[in-house]
Amino acid sequence: MGRIISMSEVKITINNDRRLVTSTGGSLYVTLNNAGVFVPSLCGGRGGCGLCRLKVLNGAGDQLLTGPEKHWLSGKEISDGVRLSCQVKVLNDLEIAVPDQLLQVREYQAQVLSIRNLTHDIKEVRLKLLKPEEMPFKPGQYIQVKIPPYELSKRPVFRTYSMAGDPAHAGELELEVKFVPNGISTTYIHKHLKEGDVLTINGPHGNAFPVGGAGNVILVAGGSGMSPVKSVLFDMAARHDTRKVRYFFGAKARRDLFLLDLMGEFERKLGDFRFIPALSEPAVTDNWAGEKGLITDVIERNLSDVADTIAYLCGSPPMIDACVKVLSGKGLPGKNIHYDKFI
């Protein structure tokens, strides 16, 4: 017996073979996430990251492109029907195309094992997966964390965090969360989340950093950009990687440095690994004798040969753009430069 659809319900057809019946009014991004199709987003569906791209085949023709879509989408993407799912309203029947990789993403319940301060504004959060009990992931991938309603948000929101732990331990995850004043997610994690709490997460998302193969490796990060790089180093250590690896880490002052002991362990375990921290504004009391200046200046001084090299950069968009310019100027091909921009 067929189902009668009321005037307030519409159908979303996914990849021509899956149909979702839902109510109207919400964004396509939120509607899909609520139905278990977890579209990634760094900004929580506010149009600020451009990551939640989906191809809308039919049903959104009357909805004009929004400002964020004009900013993030290329002319070819627009002509191919690509939209930002957070900007498309579910007003009538829709036909969409979703990458198979996204359809493999699962939802998990995870308990907070521990929370500790890494710096004055970065916390490490360790999670134990409860159901399902394991999430296989690769270095460079990330999860979405569901932040429940509280004083800064009347509704649940999703935020993305790179996985910082060892990929060999699929039953536990580590996150490094930098506090952003009035940030919905970071405020909740820094000021409300407690050990023993259970979070709803989904993943894994994103493409893995190509850690295997030959050639030298350049790693560049700042702040919580340490997260995916740490996962890369765990993976390389497990494989007894002997390649030349140089990790440039930018910070403002000594109090912004963390996990120095762990970096020392990697220097002992890996065949040719060197951790190069640099302070852009060291305090007089820091008594800092290491590298000083912007991380781009430090790379410029310390890096000469980039032949047969691959780079992985993690940090703010301005830092990433500046580092790409420096590396490209030294002759590193664009196809060898991979990055994650943290917003």
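The values are calculated or read from the model by the stated rules, or taken from the named source; none is laboratory data. These numbers were taken from a predicted model, which means no experiment stands behind them. Using ideal geometry, Cβ is built from the backbone for each residue, glycine included, and neighbour counts are taken over all protein chains shown.
Return yes or no: is Asp62 at pLDDT below 90 and either surrounded by fewer than 18 Cβ atoms within 10 Å (Cβ to Cβ) or touching a Pro at 6+ places or on another chain (Cβ under 8 Å) (or both)?
Working: at pLDDT below 90: yes; either surrounded by fewer than 18 Cβ atoms within 10 Å (Cβ to Cβ) or touching a Pro at 6+ places or on another chain (Cβ under 8 Å) (or both): yes.
Here the answer is yes, as Asp62 does meet what is asked.
Could you tell me which residue of the range 268-279 is surrounded by the most Cβ atoms within 10 Å (Cβ to Cβ), considering only residues that are within 19 Å of Ile218 (Cβ to Cβ) and at pLDDT 95 or above?
Among those that are within 19 Å of Ile218 (Cβ to Cβ) and at pLDDT 95 or above, it is Ala278.
Only one of these is under 20 Å from the mean Cα position of the chain (by Cα), surrounded by 19 or more Cβ atoms within 10 Å (Cβ to Cβ) and closer than 19 Å to Ala311 by Cβ: Val217, Val245, Val229. Name it.
Only one candidate qualifies: Val229.
Quick one: how many residues across the range 297-306 are part of a helix (DSSP H, G or I) and over 23 Å from Ser231 (Cα atoms)?
The total comes to 5.
For the range 307-321, check the following and say yes or no: at least one residue is crowded, with 17+ Cβ neighbours inside 10 Å, at pLDDT below 95 and more than 18 Å from Pro228 (Cβ to Cβ).
Taking every residue of the range 307-321 in turn, at least one turns out to be crowded, with 17+ Cβ neighbours inside 10 Å, at pLDDT below 95 and more than 18 Å from Pro228 (Cβ to Cβ).
Could you tell me which numbered condition Val284 fails, if it satisfies all but one of (1) within 16 Å of Lys252 (Cα to Cα); (2) touching a residue at least 40 places away in the same chain (Cβ under 8 Å); (3) among the aliphatic types (A, V, I, L, M)?
All conditions are met except number (2).
Every residue in the range 171-214 that is without any contact (Cβ under 8 Å) to a residue 40 or more places away in the chain and either of a type outside the set (D, E, K, R) or not assigned by TED's automatic domain parsing to the domain that holds Val145 (or both), please.
Correct list: Val180, Pro181, Asn182, Gly183, Thr186, Thr187, Gly212.
Can you find a residue that is in contact with a Pro (Cβ under 6 Å, 6 or more places away or on another chain), in a helix (DSSP H, G or I) and not assigned by TED's automatic domain parsing to the domain that holds Ser41 anywhere in the range 218-233?
yes
In the range 149-166, what residues are touching a helix residue (DSSP H, G or I) at 6+ places or on another chain (Cβ under 8 Å) and either free of Cβ contacts under 8 Å to residues at least 60 places away in the same chain or of a type outside the set (A, V, I, L, M, F, W, C) (or both)?
Correct list: Tyr150, Leu152, Ser153, Arg159, Tyr161, Ser162, Gly165, Asp166.
What are the residues in the range 113-153 that are more than 14 Å from Ile189 (Cβ to Cβ), basic (Lys, Arg) and not in a loop (DSSP other than H, G, I, E, B), if any?
Of everything in the range 113-153, those that are more than 14 Å from Ile189 (Cβ to Cβ), basic (Lys, Arg) and not in a loop (DSSP other than H, G, I, E, B) turn out to be Lys128, Lys131.
Could you list, in sequence order, all residues of the range 267-286 that are in a helix (DSSP H, G or I) and not charged (D, E, K, R)?
Result: Val284, Thr285.
Could you please find all residues in the range 24-49 being more than 18 Å from Glu107 (Cα to Cα) and outside any loop (DSSP other than H, G, I, E, B)?
Ser27, Leu28, listed by residue number.
Look through Arg53, Arg46, Arg83 and report the one residue that is assigned by TED's automatic domain parsing to the domain that holds Leu20, in contact (Cβ under 8 Å) with a residue 12 or more places away in the chain and crowded, with 21+ Cβ neighbours inside 10 Å.
From the options Arg53, Arg46, Arg83, the qualifying one is Arg83.
Any residue at all in the range 310-324 that is touching a Ser or Thr at 6+ places or on another chain (Cβ under 8 Å), outside any strand (DSSP E or B) and free of Cβ contacts under 8 Å to residues at least 60 places away in the same chain?
Within the range 310-324 (the criterion being touching a Ser or Thr at 6+ places or on another chain (Cβ under 8 Å), outside any strand (DSSP E or B) and free of Cβ contacts under 8 Å to residues at least 60 places away in the same chain), the answer is yes, since at least one residue qualifies.
Is it the case that the range 157-164 has a residue that's surrounded by fewer than 18 Cβ atoms within 10 Å (Cβ to Cβ), outside any strand (DSSP E or B) and outside the structural domain of Leu262 (by TED's automatic domain parsing)?
For the range 157-164, residues surrounded by fewer than 18 Cβ atoms within 10 Å (Cβ to Cβ), outside any strand (DSSP E or B) and outside the structural domain of Leu262 (by TED's automatic domain parsing): absent.
Out of Tyr108, Tyr161, Tyr150, report the one residue that is in contact with a His (Cβ under 7 Å, 6 or more places away or on another chain) and under 24 Å from Phe342 (Cβ atoms).
Tyr150
Only one of Gly50, Gly81 is touching a His at 6+ places or on another chain (Cβ under 9 Å) and either under 30 Å from Pro132 (Cα atoms) or of a type outside the set (S, T, N, Q) (or both); which?
Gly50
I want to confirm something. Restricting to the range 7-23 and keeping residues that are within 30 Å of the chain's Cα centre (by Cα) and part of a loop (DSSP other than H, G, I, E, B), which single residue is surrounded by the fewest Cβ atoms within 10 Å (Cβ to Cβ)?
That would be Asp17.
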